[in-house]
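For reference, the structure is listed below as structure tokens.
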Amino acid sequence: MPDTCTTGERLFKELDEYIASTGAKPDKLISVLQKAQELFGYLSPEVQNHIAEMLKIPVSQVYGVVTFYNFFSTRPKGKVQVKVCLGTACYVKGADRIFERFLEELATSAEEPTKDGQFSVHAVRCLGACSMAPVVLVGEKDFYGRVKPDMVPRIIEKYREVNK
Ligand code: FES
């Protein structure tokens with residue numbers, strides 16, 4: 001690969017190779033979108049247009065699928081995603097205060113990555129662990145149950161260290 005190849009170009013090349021490996025068929029749209037999100041972190045309009053061209057389908061079809069499934073994102077996210085459950089069981093136990101505390105401690109707004117790109121905070125519906133309400137999921141698999149607002153700084157600190 002030439003040195004002049006930018007990271008973006010490399011990612012598009014990798015995406016194109018993946019699309020070719022699936023046969024570039026329209027019915028592979030979801031797996032292509034998953035691969036693109038894995039590579040780019042989110043699905044920008046540029047990426048969606050590119051996928052539409054490669055699969056020879058209207059971009060409106062790509063956009064329709066991206067917005068239908070909540071695991072697809074059209075905006076950048078932090079490296080570490082904090083998901084605070086605001087489902088009923090968690091909400092009645094004060095999940096809204098935990099959500100606010102994360103935003104305050106990280107000096108960010110909901111869904112927006114922090115300035116250093118390290119974290120983003122998201123409100124989600126029932127994580128399936130209501131007996132441990134209120135629940136926070138950090139990354140893909142770190143569950144925290146019976147969270148209190150005062151625990152928030154310690155949780156954040158743990159991930160700052162891990163990702164230094
Ligand atoms: S409502 Fe939060 S885990 Fe079920």
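If you check Gln34 against the conditions, is it of a type outside the set (Phe, Trp, Tyr) and either surrounded by 18 or more Cβ atoms within 10 Å (Cβ to Cβ) or in a loop (DSSP other than H, G, I, E, B) (or both)?
Here the answer is no, as Gln34 does not meet what is asked.
Can you name every residue in region 12-42 that is at pLDDT 95 or above, of a type in the set (A, V, I, L, M, F, W, C) and under 21 Å from the mean Cα position of the chain (by Cα)?
Phe12, Leu15, Leu29, Ile30, Val32, Leu33, Ala36
Could you identify the single residue in Tyr69, Tyr91 that is hydroxyl-bearing (Ser, Thr, Tyr) and farther than 20 Å from Gln34 by Cα?
Tyr91
I'm trying to understand the selection: among the residues of region 98-126, which are surrounded by 14 or more Cβ atoms within 10 Å (Cβ to Cβ) and within 14 Å of the ligand (Cβ to nearest atom)?
Ile98, Phe99, His122, Ala123, Val124, Cys126, listed by residue number.
Looking at region 62-77, is at least one residue hydrophobic (A, V, I, L, M, F, W, C), more than 20 Å from the chain's Cα centre (by Cα), assigned by TED's automatic domain parsing to the domain that holds Phe12 and away from the ligand (no atom under 16 Å from the Cβ)? Outline the logic, then answer.
Within region 62-77, the first condition is being hydrophobic (A, V, I, L, M, F, W, C), and the residues that meet it are 62, 65-66, 68, 71-72.
If we keep only those that are more than 20 Å from the chain's Cα centre (by Cα) as well, we get none.
No, because not a single residue in region 62-77 is hydrophobic (A, V, I, L, M, F, W, C), more than 20 Å from the chain's Cα centre (by Cα), assigned by TED's automatic domain parsing to the domain that holds Phe12 and away from the ligand (no atom under 16 Å from the Cβ).
Can we say Leu127 is of a type in the set (A, V, I, L, M, F, W, C) and modelled with pLDDT of 95 or more? Break it down stepwise before answering.
Values: of a type in the set (A, V, I, L, M, F, W, C): yes; modelled with pLDDT of 95 or more: no.
Criteria not met by Leu127.
Quick check: is even one residue across region 83-94 of a type in the set (Gly, Ala, Ser), touching a Lys or Arg at 6+ places or on another chain (Cβ under 8 Å) and surrounded by 17 or more Cβ atoms within 10 Å (Cβ to Cβ)?
Scanning region 83-94, I find at least one residue that is of a type in the set (Gly, Ala, Ser), touching a Lys or Arg at 6+ places or on another chain (Cβ under 8 Å) and surrounded by 17 or more Cβ atoms within 10 Å (Cβ to Cβ), so the answer is yes.
Restricting attention to region 130-154, which residues are surrounded by fewer than 18 Cβ atoms within 10 Å (Cβ to Cβ) and under 20 Å from the mean Cα position of the chain (by Cα)?
Gly139, Glu140, Lys141, Asp142, Phe143
Could you grab me the full set of residues in region 127-137 that are within 12 Å of Ile98 (Cβ to Cβ) and either of a type in the set (Gly, Ala, Ser) or away from the ligand (no atom under 11 Å from the Cβ) (or both)?
Selection gives Ala133 alone.
The values are calculated or read from the model by the stated rules, or taken from the named source; none is laboratory data. Please read all numbers here as calculations on a predicted model, not as lab measurements. As a convention, Cβ positions derive from the backbone with ideal geometry for all residues, glycine included, and neighbour counts pool all protein chains shown.
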